[in-house]
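Just so it is clear, none of the values below were taken in a lab; they were calculated from the coordinates. What you see is a predicted model, and the numbers here were worked out from it, not measured in a lab. Note that each Cβ is placed from the backbone with ideal geometry, even for glycine, and that neighbours are counted across all protein chains shown.
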């Protein structure tokens with residue numbers, strides 16, 4: 001498996017903003033992991049405190065907490081990953097709403 005620095009150096013010529021994208025995605029994945037942990041803990045403790053009002057046994061707490069945590073982590077990670085992709089496209093002057101069509105660089109004849 002490649003080291004992140006080696007991968008960044010390998011693609012630096014073709015994609016100058018690739019290093020920033022890699023950092024953003026690393027933070028995104030760590031944020032997703034943290035949101036999973038926090039959502040699981042919060043959901044489990046909430047179920048434990050409201051145990052008498054819940055229609056299922058204590059064994060179901062882990063399943064419900066896992067499902068809630070997966071949903072939260074997926075949502076957080078997908079939203080942040082989309083923002084990383086949009087940021088990378090903006091940094092590379094690709095399609096984005098940050099630079100309108102009239103302001104985009106015109107491709108040369110060699111690129112067509």
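A few notes on this one:
- Projected onto planes of every orientation and averaged, the convex hull of the alpha-carbon atoms in the stretch 35-94 covers 4.6 nm².
- Residue 67-residue 5 FRET efficiency (beta carbon distance; Förster radius 30 Å; 0.05 resolution): 0.20
- Percent RCO, i.e. relative contact order, over the stretch 35-94, from Cα pairs under 8 Å lying at least 6 residues apart: 44 percent
- Gain on full stretching of the segment that runs from residue 46 to residue 23 - 0.36 nm per residue minus C-alpha separation: 4.9 nm
- Extension gain from residue 57 to residue 83, taking 0.36 nm per residue of separation minus the Cα-Cα distance: 5.4 nm
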